[in-house]
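Asker: Have a look at the structure that comes next, please.
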Amino acid sequence: MSLFGLAGLAVDMAATPHTLRTFPAGAWVDGEWITGEPVETPIRAVVQAPSANDMRDVPEGQRTEAWVTIWSRSPLNTSDEDDQQGADEVINARGEAYRVVRVQQRTEAGFYRAIARLIRHDRGRSVPVPPELP
């Protein structure tokens, strides 16, 4: 069994219940922006502190904020500026929500590994805001 296969097995064994909140793309309707309604789905995931290598990729001024690494078999997505679609959020049992900032799909073992930021520290940086029309 490969290392990725072992990591996938670890995800299955250590995963706990969480909620995945996704944001479908919005649309312009009669000149007004209509935001897609959030959809919440139960998932199983492992949430842990990020490694030093994960934090190396985070801009230096943001390294003091609350970050986590999320491992899950459920697809996780970052924001999509072209579709004005917000980044996925993973909510733990305490109600803390983390916004997905970076994702790696491990197709060899069928899981996703994401880096996410606690939303109260996000300040809207990873969610596109649609422009206002006059």
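The values are calculated or read from the model by the stated rules, or taken from the named source; none is laboratory data. Computed from a predicted structure; not experimentally measured. Cβ: placed from backbone, ideal geometry, glycine included. Neighbour counts: every protein chain shown. For the accessible areas, the whole protein counts, side chains as well, though only heavy atoms, and no ligand, DNA or RNA atoms are used. Shrake-Rupley method; radii C 1.70, N 1.55, O 1.52, S 1.80 Å.
Asker: Tell me, yes or no, whether the stretch 114-121 has at least one residue that is at pLDDT below 80 and not in a strand (DSSP E or B).
Answerer: We begin by selecting, within the stretch 114-121, every residue at pLDDT below 80; these are 120-121.
This time we only want the ones that are not in a strand (DSSP E or B), so: 120-121.
Yes - at least one qualifying residue is present in the stretch 114-121.
Asker: Just checking, which of A66, A15, A87 is touching a His at 6+ places or on another chain (Cβ under 6 Å), surrounded by 13 or more Cβ atoms within 10 Å (Cβ to Cβ) and modelled with pLDDT of 70 or more?
Answerer: Working: A15 fails: touching a His at 6+ places or on another chain (Cβ under 6 Å); A87 fails: touching a His at 6+ places or on another chain (Cβ under 6 Å).
Going through A66, A15, A87 in turn, the sole match is A66.
Asker: So, in the stretch 90-113, how many residues would count as being basic (K, R) and open to solvent by 70 Å² or more (accessible area, probe 1.4 Å)? Quick ask: steps written out before the conclusion?
Answerer: Of the residues in the stretch 90-113, the ones basic (K, R) are 94, 99, 102, 106, 113.
Within this subset, residues satisfying the condition of being open to solvent by 70 Å² or more (accessible area, probe 1.4 Å) are 94, 102.
Total satisfying the criteria: 2.
Asker: Could I ask something else about it? Can you tell me which residues in the stretch 39-58 are surrounded by 12 or more Cβ atoms within 10 Å (Cβ to Cβ) and either closer than 15 Å to V100 by Cβ or modelled with pLDDT of 80 or more (or both)? Step through it out loud before you land on a result.
Answerer: Taking the stretch 39-58 as the starting set, the residues that turn out to be surrounded by 12 or more Cβ atoms within 10 Å (Cβ to Cβ) are 43-47, 50, 54-55, 58.
Passing the criteria: I43, R44, A45, V46, V47, P50, D54, V58.
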